[in-house]
Amino acid sequence: MTEKKEETKQEAEITKEVKEETPAPAEEIVESTPKSVETKAEETENKKAEDVPKIKEPEKTPEVKEKPKEIIEEKKEKKSDDDDESGKQTLLVETEKYLNTGAHIGTKFKSGDMKRYIYKVRKDGLNVLDVQTLDERLKIAAKFLAGYDKEKIVVVSRKLYGQTPAKVFAETIGAIIITGRFVPGTFTNPQGNRFIEPKVVLITEPETDTQAIDEATRIRIPVVAMASTNNSLRNVDLAIPINNKGRKSLALGYWILAKEILKERGDIKSDSEFTKTTEDFEYKMKDSDEKKSFEKKGRWDRKPRFPRRR
């Protein structure tokens, strides 16, 4: 028994020695390695990465949205249309004033009487009036009206946009003003309450002021009228080719007439003595007027409707 115990002790000692001599597994070796070695290795790698020059990514250029070709072409057309007339010389005011107020812009339709005053037709179909002719006609009209007694000049405007400039014009030169509906018999019925005996009549719109033109023709007095491309000049003695649809163009036309008439009379000697501005002659828009103008938009560019035959 003692011998067997000694043999088992010897075998146990041999197994211990063998275990001590056998190398530890790889996982235990990795775990046993100090952390300082790992951190040093990471630092060296990070330094190498920092030393490598960074490549800058190309900056993204902001996307520029291209404007539609149609808008660009329209702007070019408008500029070219105005540029053609901006080179013309005018005497009464600068050419730019006519262009900025749209005094030279007509409608898409033209009457046979107004053909001679049309400079050209734009690509959008609008007829363009000659600025030089407009300037000359305003000068002629002012000289013609200045030859009459101011109390015998009657200014007529049924058109809403023309009422304010016509009133200020009449007040400035001392003429008689008739706005709104023209009562039949005003020039022809001596027994009427509103009977007037004028010597000359200034019309804002031949189409809406036809009654005044007809009565002036009956009593055989001259008619001066502001006319656009679509107006008829029947029974009109002196036409002023101008945009009589716009507020600003009507204000400019009446402002120039008032200034030039006072100069012709000798009431003022120069333009600087005329204290009123074009804004004083301009009709001030209201909310109700904007709604009406929106509803009637395109009225002057519509083709005339003829009654159907039954």
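Is it the case that residue 70 is modelled with pLDDT under 85 and surrounded by fewer than 16 Cβ atoms within 10 Å (Cβ to Cβ)?
Yes: the conditions hold for residue 70.
One line per residue, one yes/no per condition, for (1) surrounded by fewer than 22 Cβ atoms within 10 Å (Cβ to Cβ); (2) among the hydrophobic types (A, V, I, L, M, F, W, C); (3) in contact with a Gly (Cβ under 7 Å, 6 or more places away or on another chain); (4) more than 18 Å from residue 91 (Cα to Cα):
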position	(1), (2), (3), (4)
241	no, no, no, no
245	yes, no, no, yes
268	yes, yes, no, no
271	yes, no, no, no
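Checking residue 152 against (1) in contact with a Pro (Cβ under 9 Å, 6 or more places away or on another chain); (2) of a type in the set (D, E, K, R); (3) closer than 16 Å to residue 252 by Cα, only one condition comes out false. Which one? For residue 152, the failing item is (3).
Residues that are polar (S, T, N, Q), part of a loop (DSSP other than H, G, I, E, B) and more than 18 Å from residue 170 (Cβ to Cβ) within region 261-277 comprise just one, 270.
Would you say residue 172 is surrounded by fewer than 23 Cβ atoms within 10 Å (Cβ to Cβ), in contact with a helix residue (DSSP H, G or I) (Cβ under 6 Å, 6 or more places away or on another chain), hydroxyl-bearing (Ser, Thr, Tyr) and farther than 24 Å from residue 274 by Cα? So residue 172 fails the test. Screening region 206-235 for residues that are among the acidic types (Asp, Glu) and touching a Phe, Trp or Tyr at 6+ places or on another chain (Cβ under 7 Å) and picking the one that is surrounded by the fewest Cβ atoms within 10 Å (Cβ to Cβ) gives 215. Of all the listed residues (203, 256), the sole one being out of contact with any strand residue (DSSP E or B) (no Cβ under 9 Å at 6 or more places or on another chain), at pLDDT 95 or above and buried (at least 24 other Cβ atoms within 10 Å of the Cβ) is 256.
Considering region 181-214, and only residues there that are within 29 Å of the chain's Cα centre (by Cα) and not in a strand (DSSP E or B), the residue that is nearest to residue 280 (Cα to Cα) turns out to be 204.
The values are calculated or read from the model by the stated rules, or taken from the named source; none is laboratory data. Just so it is clear, the model here is predicted, and its values are computed rather than measured. Cβ: placed from backbone, ideal geometry, glycine included. Neighbour counts: every protein chain shown.
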